[in-house]
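**Student:** One structure coming up, written as structure tokens, with questions to follow.
The values are calculated or read from the model by the stated rules, or taken from the named source; none is laboratory data. Keep in mind that this is a model prediction, so the values were computed, not measured. Backbone-built Cβ (ideal geometry, glycine too); neighbour counts: all protein chains shown. Note: areas computed on protein heavy atoms with side chains; ligands, DNA, RNA excluded. Shrake-Rupley method; radii C 1.70, N 1.55, O 1.52, S 1.80 Å.
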Amino acid sequence: ACGVLLAVGLIAAWRWSELEFRPPADEEGRRDVVRPFLWHVTVAVVAGLGAGILVAGAGGRLVMRLLAVTSPEDAQGRITEADEVVGEITVGGTIGFLVFTGLFFGLITGAVYVLVRRWLPAGRLGGLAFGALLLVVAGTRIEPLRADNPDFDIVGPSWVALIAFSALVLAHGVLVAALAARYASTLPLLTLEPRSLALYAPLLLLLPAVFLVAGLVLVGLMVVGLSRAEPIRAALRAPRTTVVGRVILVVAALVALPGFVTAVSDIADRGP
């Protein structure tokens, strides 16, 4: 089942990764703040959740299985950091992993992509750049290549873990960008028509975190409201702003690179 999900994700990433991300047409002028905000949030939820389940979740579960198979005999039956047993694959554990990874990692990466996508290259290269940014900045600090994860002392070989997880993060970035562009092409600004309401149904997934979401909504509305002001709109569209944004992303990656290299080197020296 995870193999089928991952295959669907990779096919979608390849098929839609060349699509252009098109923001919604401004139908009611610059005073309309709420609907553009909801539009961007919905795109982020769909792209992040889809990639989180299809690649990070299903693919991550397959990598865990791969590492269990390639690990030595004395690793079988040992307890991982997540209190799972090496070599045992259960339906409940798989579903829990998919849900947690899809909701947590997926939604965060979807939101980050919507925020920085204007500074990324167009097409498939933009998705790869986003995946590389995730890998260097967050991959060794959050997951999946966190150096202080004791599981790398149990399962291996370490080079298999490094290659598999790195490829997974890159594929996740490509799919986030592809799903965002694809859903953006079909999502209109919100209306009371049944089809429009159905397309915004993914927002219901945010209800369990209503208090956190409420704070983010206030901040988001302020940001969108400010972005509707003509001087700010002109500044955002200026080529200089794009250059500055890309420089910021490059600097962030360069600052994070030494820590990434150190973590990768540490993992490479470990393992059974």
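**Student:** Return the whole-Å distance between the Cα centroid of region 78-123 and the Cα centroid of region 40-74.
**Tutor:** Each part reduced to its Cα centre gives a spacing of 5 Å.
**Student:** Using only the Cα atoms of region 88-199, build the gyration tensor, take square roots of its eigenvalues as a ≥ b ≥ c, and label the shape rounded, prolate or oblate: rounded if a/c is under 1.5, else prolate if a/b is larger than b/c, else oblate.
**Tutor:** Oblate.
**Student:** Please list 190-201, 50-61 highest first by mean number of surrounding beta-carbon atoms within 10 Å per residue.
**Tutor:** Per-residue Cβ counts within 10 Å, averaged per peptide and sorted highest first, yield 50-61, 190-201.
**Student:** Also: Along the charge dipole of region 78-201, pointing to its positive end and built from +1/-1 on Cβ of Lys, Arg, Asp and Glu, which listed residue (Ile79, Ser196, Thr140) has its Cα farthest out?
**Tutor:** Final value for the positive-end residue is Ser196.
**Student:** So for Glu88, Glu143, what's the accessible-area order with a 1.4 Å probe, most first?
**Tutor:** Glu88, Glu143
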